[in-house]
1. Report, ordered by the first and then the second residue, all pairs with beta carbons closer than 7 Å, sequence separation of six or more or different chains, a first member in region 213-235 that is over 22 Å from residue 185 (Cβ atoms) and in contact (Cβ under 8 Å) with a residue 40 or more places away in the chain, and a second member that is β-branched (Val, Ile, Thr) and away from the ligand (no atom under 16 Å from the Cβ).
2. Hey, among the residues in region 206-220 that are at pLDDT below 95 and crowded, with 16+ Cβ neighbours inside 10 Å, which one's farthest from residue 44 (Cα to Cα)?
3. Only residues that are polar (S, T, N, Q), in a loop (DSSP other than H, G, I, E, B) and within 16 Å of the ligand (Cβ to nearest atom): list them for region 157-188, please.
4. Tell me, which strands (runs of 3 or more DSSP E) lie completely within region 17-128 with 3 or more residues that are within 16 Å of the ligand (Cβ to nearest atom), crowded, with 16+ Cβ neighbours inside 10 Å and within 19 Å of the chain's Cα centre (by Cα)?
5. Would you mind telling me which numbered condition in (1) within 13 Å of the chain's Cα centre (by Cα); (2) over 22 Å from residue 16 (Cβ atoms); (3) of a type outside the set (Asp, Glu) residue 211 fails?
Amino acid sequence: MKNSVSDNPAVNIKDLKLAFHGYNSIDIPSLEIHSGEIILLFGENGSGKTTLFRLLSGLLRPDSGELQVLGHDLNRMSSRAKDYFRGDHIGYVFQNSNLMPYLTALENILLPCGFSSRKQKIVDSGEMTREYEAYQLMAKLKVEDPARLRHKTSQLSKGLRQRIAVARALIGNPSLILADEPASAMGSYSQRLVYELMINHARETNATLICISHNKEMDPLFDRRLNMKDINISAETNPLW
Ligand SMILES: Nc1ncnc2c1ncn2[C@@H]1O[C@H](COP(=O)(O)OP(=O)(O)OP(=O)(O)O)[C@@H](O)[C@H]1O
């Protein structure tokens, strides 16, 4: 599959619907996010933020509607094609980090290079080794002792695991970064550091960043704020909200 992505928009959604157990979790009449935008996504628990991320990354298939991501019509792609697309173009910080507990921190950060030849090429095109690139990212997140990256992630604190998940999402310069409460286990100083690093990285690499956060102090860092209740009208029909 081609590695190139089209310029605009990064996300284009029309009449997108997904129901669980007969209730709509997602009912988004229209949503457009431009390439390179830095977006804060917020909303009540259960308002569909994580579900929207899983749709955007091709982990879930909608029941109906149009879903274009980086110029690709995800509805027309096979599961296998979506796996390649996700590996090549998306960096995803999962809500619970989703690190491999039996791998070291460094192995976790470098994992995307094993799944994507695009990311592998980008990381290997620099003058530094892959390992050094990973250390650099972690140093920017104020984890400066390389020895800490040789520990299995199950031995590390939640805040450190979140930083590792952020570095894993950024390595190889994905075109779309989806970060689901990436710094929720951290204090406000570290949260700001993590958000600023992700935002700077996105701007430097012309990536689009969508970040789910409940921390209002971070609002000014973002280009645009999206409230789920304004884009997802499923609350009108879903009593589980
Ligand atoms: N796999 C699933 N099976 C059944 N219902 C689901 C599933 N995934 C999500 N839902 C439902 O979809 C709705 C949206 O959930 P989602 O996790 O996307 O919300 P959220 O805004 O990310 O919440 P939070 O802020 O708590 O993380 C909820 O009503 C949830 O119960």
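The values are calculated or read from the model by the stated rules, or taken from the named source; none is laboratory data. Quick caveat: nothing in here was measured; it's all calculated off a predicted structure. So basically every Cβ, Gly included, is an ideal-geometry build from the backbone, and we count neighbours across all protein chains shown.
1. 223/38
2. 218
3. 184
4. Result: 38-42.
5. So residue 211 meets the others, but not (2).
This table checks each residue for (1) in contact with a Leu (Cβ under 7 Å, 6 or more places away or on another chain); (2) without any contact (Cβ under 8 Å) to a residue 12 or more places away in the chain.
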| position | (1), (2) |
| --- | --- |
| 139 | no, yes |
| 156 | no, no |
| 163 | yes, no |
| 184 | no, no |
| 190 | no, no |
| 197 | yes, no |
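Residues checked against (1) within 30 Å of residue 72 (Cα to Cα); (2) touching a Lys or Arg at 6+ places or on another chain (Cβ under 7 Å):
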site: 142; (1), (2): no, no
site: 149; (1), (2): no, no
site: 155; (1), (2): no, no
site: 173; (1), (2): yes, no
site: 212; (1), (2): yes, yes
